Amino acid sequence: MPQRAAAPGQHPALNIAAEEFARRRRQLMRMAGEDAALLVAAAPERMRNADAAWPYRQDSDFHYLTGFPEPDAVLALLPGRRHGEVVLFCRERDAERERWHGESVGTERAVGDYGLDDAFPIEDIDDILPGMIEGRARVYCHFGREPAFDAQLMGWMRRLRQLRGGGVVPKEFVALGHMLHDLRLYKSRAELKLMREAAAIAAEAHHAAMRLARAGLREYEVEAELLRVMRGRGAQAAFPPIVAGGANACVLHYQANRAPLREGELLLIDAGAEVDCYASDISRTFPVGGCYSREQRALYDVVLTAQLAAIDEVRPGRPFNAAHEAAVRVIAEGLCVLGLIEGGAEAAVREGRYQRFFPAKTGHWLGLDVHDVGDYRVDGQSRLLEPGMVVTVEPGIYVPPDEASVPARWRGIGIRIEDDVAVGREGPEVLTVGVPKGAEEIEALLAG
């Protein structure tokens, strides 16, 4: 198993080569032009309560451009700068601080280990950075994301105006997101390798949860098993797992994870692993007790058929929304056949009546963020898929427990099946194939 990027205070072993980070920076600078400056701040540490911080997680854009794992850092990309285009401001080594918090990278190793041109102590940024951006026409940044960084940026502009003789202040502030996020949409071989590993670890966690789940346990006990496997493999949870038994599965973003599991009910698990900031995202729905009831199986087969039809649309040249449209057609037809919707499937789609039971979309981009960056529409049209993009495919049927329009035997059933799918040159590559999803496969796994 490859080594992972370390937490702050530990020397990292990069899973992506320094040259790939450098290539990303060069590409971004070419897009911005030589009269621009690009500024990206590391994620700040965030406090949970009192003096206890949340586990640190680097800003995805900052990680994409540097791989640098610490807070209190700012990346400046300065196209055409004679003394080096790539400058990092970061924490300097400090023995007293490291005694409490562990080793820092420091400016020297930042240059040597991360392929940067220069690095300065973060304490000196107010004195150094304004002069570096003087005379540039535009500053690209994530303005409005972090108020503290916005205030610091405005301070640099004031300091620039106060330079002897009056500094030449950039005339434009330009949102960096659109340009940078379009690059992030296309995954390299190294990124896909990390995503496959994240998928494999999440698959192992789902297997363990299926084997553990039984009537009488609490949802949080199954959640604990998911987290145990992920942490045991050196990964993080990509998001707080959803472990929803019975009617709780009809709450699409259920978070409580406290209810008891009951014999004969379904358990919906939506959980993914994160490896070196790259995410996986898997959902499976299986019966507590080992066997689907007649109604559960009928709805499950509709969702699985819809998912397979949607996955088949994840191909180069197909619109992003083609997968959703395929899933909607199958689900609408299945609901009509089962009698949960009256009339024909075409009318149910046209009039949106299927949305009572399938209110969500069928997927989203996946990468450094679980709901990853990138436009879904271009010039008003659904974006065409291209090799290197990764999406989730997650249709579902959710029949609320108080849905009076259907017989009681259908109520309180919630089912979602989700996989991560890379757009390959020849067609879809299911990264999360390691978790069974056929009803007979699942029942066989539970029986074993």
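Numbers for the structure displayed
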read-out	value
Residue ID - modelled with the lowest pLDDT, chosen from residues in region 107-146 that are among the basic types (Lys, Arg) and out of contact with any helix residue (DSSP H, G or I) (no Cβ under 8 Å at 6 or more places or on another chain)	ARG145
Residue tally, condition in contact with a helix residue (DSSP H, G or I) (Cβ under 6 Å, 6 or more places away or on another chain), within 12 Å of ILE122 (Cβ to Cβ) and either assigned to a loop (DSSP other than H, G, I, E, B) or among the basic types (Lys, Arg) (or both), over region 71-90	1
Residue in region 116-126 that is among the hydrophobic types (A, V, I, L, M, F, W, C) and part of a strand (DSSP E or B) present	yes
Top-ranked residue of region 147-165 - restricted to ones that are among the charged types (D, E, K, R) and modelled with pLDDT under 90, ranked as farthest from ALA32 (Cα to Cα)	ARG164
Tally of residues being within 30 Å of LEU266 (Cβ to Cβ) and not basic (Lys, Arg) across region 168-219	21
Residues within region 319-343 that are in contact with a strand residue (DSSP E or B) (Cβ under 8 Å, 6 or more places away or on another chain), buried (at least 19 other Cβ atoms within 10 Å of the Cβ) and part of a loop (DSSP other than H, G, I, E, B), tallied	2
Matching residues in region 345-369 - criterion: being out of contact with any strand residue (DSSP E or B) (no Cβ under 9 Å at 6 or more places or on another chain), acidic (Asp, Glu) and not in a helix (DSSP H, G or I)	GLU351
Index of the failed condition, ALA444 passing every other in (1) without any contact (Cβ under 8 Å) to a residue 12 or more places away in the chain; (2) touching a helix residue (DSSP H, G or I) at 6+ places or on another chain (Cβ under 6 Å)	(2)
Selected residue [at pLDDT 95 or above and closer than 22 Å to PRO436 by Cα] from ASP270, ASP276	ASP270
Residues of region 71-101 that turn out to be over 17 Å from LEU28 (Cα atoms) and either surrounded by 13 or more Cβ atoms within 10 Å (Cβ to Cβ) or without any contact (Cβ under 8 Å) to a residue 60 or more places away in the chain (or both), as a count	17
Single unsatisfied condition, ARG416 versus (1) closer than 26 Å to VAL251 by Cα; (2) more than 19 Å from the chain's Cα centre (by Cα)	(2)
Residue list for region 49-70, restricted to those being buried (at least 20 other Cβ atoms within 10 Å of the Cβ), in a loop (DSSP other than H, G, I, E, B) and touching a residue at least 24 places away in the same chain (Cβ under 8 Å)	GLN58, GLY67, PHE68, PRO69, GLU70
Among the candidates GLU403, GLU351, residue that is assigned by TED's automatic domain parsing to the domain that holds ALA249, of a type in the set (D, E, K, R), touching a residue at least 40 places away in the same chain (Cβ under 8 Å) and over 30 Å from ASP276 (Cβ atoms)	GLU403
PHE357 farther than 30 Å from LEU192 by Cα and touching a residue at least 12 places away in the same chain (Cβ under 8 Å)	yes
For GLU204: the one exception among (1) of a type in the set (D, E, K, R); (2) surrounded by 15 or more Cβ atoms within 10 Å (Cβ to Cβ); (3) in the same structural domain as GLU34 (by TED's automatic domain parsing)	(3)
Looking only at region 242-271, and only at residues there that are free of Cβ contacts under 8 Å to residues at least 40 places away in the same chain and polar (S, T, N, Q), the one that is surrounded by the fewest Cβ atoms within 10 Å (Cβ to Cβ)	GLN255
Flag for THR432 being β-branched (Val, Ile, Thr) and touching a helix residue (DSSP H, G or I) at 6+ places or on another chain (Cβ under 7 Å)	yes
Search result, residues across region 309-318 that are buried (at least 17 other Cβ atoms within 10 Å of the Cβ), closer than 27 Å to LEU445 by Cβ and over 22 Å from the mean Cα position of the chain (by Cα)	ALA309
Pick from region 346-357, criterion among the hydrophobic types (A, V, I, L, M, F, W, C) and surrounded by fewer than 20 Cβ atoms within 10 Å (Cβ to Cβ), ranking: farthest from LEU299 (Cα to Cα)	ALA347
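The values are calculated or read from the model by the stated rules, or taken from the named source; none is laboratory data. None of the values given here were measured: they were computed from a predicted structure. Cβ sites come from the backbone with ideal geometry, for glycine too, and all protein chains shown count toward neighbours.
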